[in-house]
Structures are given as C-alpha cells and as structure tokens.
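Where a number appears in this text, it was derived from the coordinates with a stated rule and is not lab data. Quick caveat: nothing in here was measured; it's all calculated off a predicted structure. Reconstructed Cβ throughout: ideal geometry from the backbone, glycine too, with neighbour counts over all protein chains shown.
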Amino acid sequence: MPSFTAPVWPSPGRFALALILGFVLTLAAASVWGTALVEALLPITHTLLGWIDGRFGVLFLGVEHNWQDTVIRLQLGFSKAFFLGGRVVVPDPRGAVWVTTPVGSLLQPLVIAPAMAAALPGQPAICLARFGLAAVFALGFLVIDLPVTLHAIAWDSLAYDVKLNDFSPLLAWNQFMQSGGRLGLGVLLGASTWWWIARRTESD
C-alpha cells in the first residue's frame with residue numbers, strides 16, 4: 001500500500017552528509033545574523049514580558065557581548081507588591097533582578113530544525129521548501145521562548161533567594177530547556193515538517 005514513508009531512504013552516509021551540510025549552513029547563518037535576529041525580536045519580547053507578569057516592569061533589555069559569549073541581559077523591577085515564599089515583596093526603586101541567557105542557546109531550534117527537515121529524503125525542491133518551513137516554525141517558537149525563558153530565569157533567581165521549592169511551570173520550562181529541550185525540539189520540528197509536507201504531497 002502506498003505510504004508517505006514509501007520514498008527510498010538514502011544511505012546512512014548520504015543522510016549524514018546532507019545533515020552535516022545543513023548544519024554548516026544554519027550554523028553559519030546563525031553566527032552571522034543570529035544576534036541581529038534576536039535584537040529585532042526584543043521589542044516584541046518587551047511587550048510579551050509585560051503580558052506574562054504584570055508584577056514586574058522591564059528596566060533594561062538588550063544584547064551584550066562579553067569576553068566569553070553574546071547574551072541577552074534583562075533587568076526587571078517590581079511594579080506592585082506580591083507574596084513570594086511567605087514574604088511580601090514590595091515595589092522599591094532600588095530593587096531589581098538582573099538575568100542573562102546566551103543567545104546561542106536560544107537559537108538551537110533554528111539551527112537544528114531546518115537542517116534536519118532538509119536532510120530527510122525527498123526531491124531537492126521539496127527539501128528546500130521543508131528547510132524554509134522548518135525555519136519559520138523554529139522562528140515562531142523563538143518568539144515565545146525568548147520572553148518565557150527570560151521570565152523563568154528571573155523567577156528562578158527570586159525563588160532561590162527566598163528558598164521557594166514549590167512546583168512552578170516556569171521553572172519546569174526553564175529546567176527542561178536547559179537540559180536539552182531546545183535540541184530535542186529542533187529535531188521534532190524538523191521531523192514534523194518532513195511528515196507534514198509528505199502527507200500533503202501524498203494527498204495531492
């Protein structure tokens with residue numbers, strides 16, 4: 001019975017070569033344009049941070065380069081009083097939370113997903129279409145991941161200060177992403193793009 005998995009799979013060596021070439025291309029693109037892309041998304045990130053949690057106000061949000069890495073730096077101030085770990089946190093102009101996260105870590109799905117989608121079997125034109133579509137999916141995830149991760153790191157810092165051990169979806173998200181979640185998501189986005197286009201091609 002015909003199936004969308006019916007196309008002959010390339011040899012492991014050919015698949016590995018296609019994957020390596022895809023990674024070279026996406027890594028080069030990320031190294032040249034990745035920081036500029038993240039900087040372009042910062043106004044959206046600023047707005048989304050306000051929607052995520054109105055108890056904080058963004059005092060600074062930008063990309064900085066240091067001797068070791070390129071990072072996103074965020075400074076949050078307290079805009080209203082709230083309870084945390086049995087304590088009352090009150091607004092104070094002197095109080096702020098500084099957090100940073102590497103740009104390269106956030107770009108992992110954008111590096112992995114297009115390369116994976118293009119390396120899977122198919123005609124060259126279809127592979128190119130998968131490459132572009134996977135990049136769009138990964139970019140959409142980056143728009144969400146940026147503010148959520150920054151807020152999660154800030155919340156993690158506050159929770160550590162007050163020794164708060166309660167379960168938090170934000171902390172779970174942050175721990176998952178730091179433990180290889182973005183790498184796995186990149187693979188999943190790439191494979192899902194291949195599957196989706198293969199199904200559409202089969203149905204036409």
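Some observations on this one:
- Radius 13 Å from Cβ of Met177, net charge of other residues (Lys, Arg +1; Asp, Glu -1): -1
- Per-pair calculated FRET efficiency, R0 = 30 Å: Ala172 and Arg55 via Cβ, rounded to 0.05: 0.95
- Approximate spin-label separation Ser179-Val143, in nm, with each point projected 7 Å along Cα-to-Cβ: 3.0
- Quarter of Cα convex hull surface for segment 103-144, i.e. mean projection, nm²: 2.7
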